[in-house]
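The values are calculated or read from the model by the stated rules, or taken from the named source; none is laboratory data. Here the structure is a predicted model, which means the values were calculated and not measured. Neighbour counts are summed over all protein chains in view; Cβ atoms, including those assigned to glycine, are modelled from backbone coordinates with ideal geometry. In case anyone asks, the SASA skips ligands and DNA or RNA and just uses the protein heavy atoms, side chains included. Shrake-Rupley method; radii C 1.70, N 1.55, O 1.52, S 1.80 Å.
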Amino acid sequence: SWNVTESSSSTKGALSSMRSRGKEIAMPYSLVAAMTSPHGGANTVSSLAISKDGQCACTVSNDENAFRIWHHLNPSDLLDEQEQQDDKQGLTPPAWICQYKITTPAGYSNFGTRKNGVTFSSDGSMLAIAYGHTLTLWDHQDATLL
C-alpha cells in the first residue's frame, strides 16, 4: 500500500514524498490529475486503468455496479486567456470528463472486479474488464461489448 504526504509549500498538488511498505521514497511528485468521487460519494473505485497515451481512463466500481470511461482535458481547454495567465505555474491540474457510464451487464454483476481487473490494449483500441473469472472486451470509443 502507498501513503502520500502532501507538501506544505505553496505549490498546489505538490507531493513531498511517498511511502510504500514503510519505506520512504524521497523523490518529489506532482499531482497530474484528480477525480473527486468518480462514482459518487458512497461508491468506491474498485479498479482503475489509464491508456498508454494518457488520454483515456476507466474506473470500475463494484459498489455502483458500473464502470466509467473518462477522457482527458488539458487545463488550457477549460481556462480563458486571463485565467491561463494567472496560472503560469501550472497549478490547475488536468481534468477528466466522463464520456460513458456503463452498468455492468446482466450475468456479470454477481462477480466483482479486482484492483488489477481492468486494462487498455497496447494500441488503446480495446478495454478489457475481468468480472470474476470472466474477461470482457469493450470498444471504449462507443462503449460496446465485443
- line: Apart from one, (1) closer than 16 Å to SER47 by Cα; (2) modelled with pLDDT under 90; (3) of a type in the set (Phe, Trp, Tyr) all hold for PHE67; the odd one out is (2)
field: Candidate set from segment 111-135 (those that are over 18 Å from VAL45 (Cβ atoms) and assigned to a strand (DSSP E or B)); member that is nearest to the chain's Cα centre (by Cα)
entry: LEU135
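Search segment 100-110 for residues being assigned to a strand (DSSP E or B) and open to solvent by less than 80 Å² (accessible area, probe 1.4 Å), and hand back the single one that is nearest to VAL60 (Cα to Cα). Give the steps one after another, and end with the answer.
Applying the first criterion (assigned to a strand (DSSP E or B)) to segment 100-110 yields 100-103.
Checking which are open to solvent by less than 80 Å² (accessible area, probe 1.4 Å) leaves us with 100, 102.
Working: TYR100: 12, ILE102: 10 Å.
Ranking the candidates gives ILE102 first.
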